Amino acid sequence: LQTKHSSAESNIQKELKYTKIKATELIGLLSGISLIVGTMIGSGIFISPKSVLLYSGAVGPCLLIWAACGVLATMGALCYAELGTMITKSGAEYSYLMEAFGSVVAYLYSWTTVMVLKPSSFAIITLSFAEYASAPFYPDCTPPLVVIKCLSAAAIIIITGVNCLSVKLASYVQNFFTGAKLIIIIIIVVAGIVLMAQGKTENVSNAFEGSATSFGAIGLAFYNGLWAYDGWNQLNFITEELKNPYRNLPLAIVIGIPLVTVCYVFVNIAYFTVMTPSELLSSSAVAVTFGDRVLYPVAWIVPLFVAFSTFGSANGSCFTAGRLSYVAGREGHMVKILSYISLKRYTPLPALLFNGILAIFYIMPADINTLINYFSFAQWAFYGLTTLALIVMRFTRKDLDRPVKVPIVIAGIVTLVSCYLVLAPIIDKPEWEYLYCTIFIFSGLILYFPLVYKKANWARKIMRPITMHLQLLMEVVPAEKTE
C-alpha cells in the first residue's frame, strides 16, 4: 500500500510539474462594464455622503466634490486605458510600474496592495454589507458588532468560494448584482426627481453657506468621495482575461464611469430633498433613512438592495485581487504558489484563498473610517506613480504600440491631484497612521533583497516542500506565462 501511495503521489507531482494551462474563460464587454460599475457602486454612495458633507461643510461644495471626483476618476481611467492597451498584462499598476520604473517599485506596490490594500478593501465592503443586511433585524438599535463581523466573515467565505469555483460563475454573480444595484439607484433618483418637482428644494437653497475652506478638509472630502469611486481601474487587473482588450477596455471605461458619476450626483441630490445637512450627518445609514421617509411601507427594499450592492462590489474586489497576487507570484515577487491556477477550475485558487484569509483577519479590529483613510493615502500614492509612469514611458518607451493615446496633460493633472490627495491631509493634520503606512510600504525591502533580488537558497529550500504539498492539496499548476 505504501509503495502504491508513493507511486501515485509521484505521478501526481509529475502531472502538476509539467502541465501548463491557461484560463480559457474570457470576459466580454457587458461583463467588463458590470465589473467597473458593480465594483464602483458598492457601499460608498451609501456611506460616503456623510463624510463628504462633513468635510466640505455645505450642500453645494458637497455636490461639486462628487462631480469633480467623477471627472477625476474618468481622467485616471483614460490614462489606464492607454496603459492597458499598451501593456496587455493583468495586474494593472503592478505591470505598468514594472515596465516604467523596474522591479523594486513594482514589488513595493505588490507588497502593499496584496498584504494590505486589497484585503482591507474587501473587508471594508463586506462590513458595510453586514451592517445593511443585519439592519432590518434590529429596527430599534444598531446591530451588535459580533453579528456584523460574523456576517462579514460569512460573506468573505461565500464570495471567495464563488470566485474559486469558476470565472464564468463569478461574472454571472457580478452581472446580477450590478443590475440589482442599478435598480435601487434608479428608485432613489426617481423618488428625488418627484420630490423636487413637488417643491422640496429648501435644502439646496443657499447651498454654499458654511463651506469648508481648509486645505486639508477639502482633501479629506475628496478622499471619501473618491473612496466611493474606487474601482475605476478594476478592469486593468484582468486584461489577459478580457476579450479584445484593445476595443473593450476603453469602451467599458467610457461607458461605465460617466454612468456611475451621473448616478452618484443625482442620488446625493435625492438625499437632500428629504434630509437637511444636519439630519444627513446624524443618520447611521443615509439610504435607509431616505427609504423610511419616502418609500414607506416598502422601505425594506432599500437595505435589501444596498446589501445586494455591497455584496456585488465585494465580489468584484475579490475577483481582481486574486489576479494581482497571481501576477506578482508569476514574476517572483510573491511566493510561487500564488501564481498557480486550479487544474480543474482554471481560477487562481491559491491567490483568492490568500486574499480571503487576510480579509477575515482585517475585519477583526476593523474601524471603517480609519481603514478608508489608511487605504486612500497609500492607494493614491500608487495611482500618482502609475500616471507618472505613463508620462515617463512617452519618452523612454516610444517603441510601444499605443492603440489608445490620451493627451499628456490629462496624465499630468491626475499625477498632480494624486500628490495633493496624499500630501494635503498630512500637512493639515499630521497623524501617526500616515507614518505607519509609509514604514510598512518600505518595510517590504527587508524581504525584497534576500528573497527576490539575491534569491537566497535557504528560502528556496524552505519553500520547495511547502509549495509541493500545497500544490498537491489544492490541485493547482503553474499557468502558461504571458509574454
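The values are calculated or read from the model by the stated rules, or taken from the named source; none is laboratory data. This is a predicted model, so every value here is computed, not measured. Note: ideal-geometry Cβ built from the backbone for every residue, glycine included; neighbour counts use all protein chains shown. Side chains are part of the model used for accessible areas, which takes the heavy atoms of the whole protein and leaves out ligands, DNA and RNA. Shrake-Rupley method; radii C 1.70, N 1.55, O 1.52, S 1.80 Å.
Any chance you could run the full-extension gain for residue 172 through residue 204? It's 0.36 nm times the residue separation minus the Cα-Cα distance, nm to one decimal.
Values: separation 32, 0.36 × 32 = 11.52 nm, distance 3.97 nm.
Length gained, residue 172 through residue 204: 7.6 nm.
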* Work out from phi, with θ = phi - 60° and the Karplus expression 6.51 cos²θ - 1.76 cosθ + 1.60, the ³J(HN,Hα) of each residue of the stretch 409-417, listed in order in whole Hz, and give x for Gly and Pro. => 5, 5, 4, x, 5, 5, 5, 5, 5
* Structure fact -> Probe 1.4 Å, all chains present, heavy atoms only: residue 475 accessible area in Å², nearest 10, is 80 Å²
* Using heavy-atom solvent-accessible surface (probe 1.4 Å) with all chains present, what is the largest-first order of 399, 140? -> 140, 399
* To do: Quick one: check the C-alpha center-to-center distance for the stretch 344-367 versus the stretch 403-432, whole angstrom.
  => 30 Å
* Are there GluC sites (Glu not before Pro) in the stretch 159-263 that DSSP marks as loop and that have at most 15 other Cβ atoms within 10 Å, and which are they? -> 209
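For residue 432 and residue 145, what does the FRET efficiency come to when R0 = 25 Å and r is the distance between their Cβ atoms, rounded to the nearest 0.05?
Numbers: r = 24 Å, r/R0 = 0.98.
The formula returns an efficiency of 0.55 here.
Accessible area per residue for the chain in Å², computed with a 1.4 Å probe and the full protein assembly in place, what is it? It would help to have the intermediate numbers written out before the result.
Numbers: 20320 Å² over 483 residues.
Here the residues of the chain average 42 Å² of exposed surface.
When all alpha-carbon pairs of the stretch 142-225 are counted, what percent fall beyond 16 Å? Could the numbers behind the result be given before it?
Details: 2679 of 3486 pairs.
Above the 16 Å cut-off, the stretch 142-225 has 77 percent of its Cα pairs.
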* In what order, largest first, do 324, 388 sit by accessible area if the probe radius is 1.4 Å? -> 388, 324
* Per the 1.4 Å probe, what fraction of the accessible area of the chain, in percent, lies on carbon and sulfur atoms? -> 68 percent
* To do: Mind grabbing the accessible area of residue 186 for me, 1.4 Å probe, Å², rounded to tens?
  => 100 Å²
* Asked: Which listed residue (194, 208, 381) has the Cα farthest towards the positive end of the charge dipole for the chain, taking +1 on Lys and Arg C-beta and -1 on Asp and Glu C-beta about the Cα centre?
  -> 381
* Structure fact -> Ordering 111, 66 by the accessible surface of their heavy atoms, 1.4 Å probe, largest first, yields 111, 66
* Asked: Based solely on its DSSP helices, what 222 nm [θ] is calculated for the chain when runs of n ≥ 4 H residues each add -39,500 (n - 2.57) and the sum is averaged over all residues, nearest 500 deg cm²/dmol?
  -> -24500 deg cm²/dmol
* Please give the solvent-accessible surface of residue 436 in Å², to the nearest 10, using a probe radius of 1.4 Å with every protein chain present. => 140 Å²
